[in-house]
Amino acid sequence: QCSGLLILSKFPLEEEKNKFISYRTFAGIEIFTSKGALKCYVKVDPNLPPLVIIDTHLQCYSGGENAVEVRKTQLKYLANKLLEGETNCIVAGDMNICARNDVERYKEMLEILNPVRDILAEKAYAQGHDSQAREVTMSNAERPDESLDYIFLRAAKEGPRWEYEDSSCQVEKIKASSKTWGVLAKGNKTDEDPGTISDHYGVSAVF
C-alpha cells in the first residue's frame, strides 16, 4: 500500500521486490498529491514465474489542457520505470483517459504501454462492438458517462503465460452500505438505492 494505492492478494508477495514510484509531473490541484504507481510480484505457483501487478491512478481532469500532457508523461514514466522488460504482467487502475469519448488519447495510451491487451475492450469485440462501445466505469452528473478504469494484460509470447477467461471481465457496481456513504450520479439516494461506494465502478476479471 502506498499513496492511496492498494494491492490485496490471497497469494504470497515477493515483498523484497515490491516497488512504488512517485510521478514527477502534476497539474491543477494535483500538485498537492503524491500520485504514482505500485508494483508487486505475486507467487501464485512455485513452478511458474511470479505474476507482476502494477496499480496506478493518473492525473485527474483538474489542470485543463495541461492535464492531457501530464497523463502522457506519467504513462511514459510508468512504462520506463516499472513495465519495461516485464511479461506476465497486469496493469490496472483509473487512467482518467476515456475510451468512449477520447479515442485519440485512448489509442495513445495503448501505444505507450504496448504491447498490452485491454481486457474490457476485448469483451466489447467479442460482443460484436468496437472498443468505444465498452461499458461505463464512471458516472458523473456533470459529464457524459465515461470508461476510465482499465485492466491491461501483457502475456509472455513463449513458455508459461497468463491468460484470462473469455468474457470474464465485468464492471462491478458495488452497492454502498447506507445513504451516508453512497454515491449516486443521478437522482436521489434512498434506503433501497443508497448508491455505490464510489463514483467509479469496479472492474474485475478471472485469469
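The values are calculated or read from the model by the stated rules, or taken from the named source; none is laboratory data. The structure displayed is predicted, hence computed values, not measured ones. For neighbour counting, all protein chains shown are included, and Cβ atoms are generated from backbone atoms with ideal geometry for every residue, glycine included. Note: areas computed on protein heavy atoms with side chains; ligands, DNA, RNA excluded. Shrake-Rupley method; radii C 1.70, N 1.55, O 1.52, S 1.80 Å.
The table for this structure:
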item	result
Residues that are open to solvent by less than 30 Å² (accessible area, probe 1.4 Å) and under 20 Å from W162 (Cα atoms), drawn from the range 8-29	E14
Qualifying residue in the range 133-141 (condition: of a type in the set (A, V, I, L, M, F, W, C) and in a loop (DSSP other than H, G, I, E, B))	yes
Leading residue by the ranking (farthest from the chain's Cα centre (by Cα)) among those in the range 117-150 that are of a type in the set (A, V, I, L, M, F, W, C) and open to solvent by less than 20 Å² (accessible area, probe 1.4 Å)	A124
Which numbered condition N47 misses (of (1) open to solvent by 70 Å² or more (accessible area, probe 1.4 Å); (2) at pLDDT 90 or above; (3) farther than 15 Å from I97 by Cα)	(2)
Elements of type strands (runs of 3 or more DSSP E) in the range 1-62, at least 2 residues being without any contact (Cβ under 8 Å) to a residue 24 or more places away in the chain and under 17 Å from the mean Cα position of the chain (by Cα)	19-22
Members of the range 176-207 found to be more than 20 Å from the chain's Cα centre (by Cα) and among the charged types (D, E, K, R), listed by number	K179, K186, K189, D191, E192, D193
Selection count where residues are surrounded by fewer than 18 Cβ atoms within 10 Å (Cβ to Cβ) and of a type in the set (G, A, S), scope the range 50-67	2
Odd one out for F32 among (1) surrounded by fewer than 19 Cβ atoms within 10 Å (Cβ to Cβ); (2) of a type in the set (F, W, Y); (3) modelled with pLDDT of 95 or more	(3)
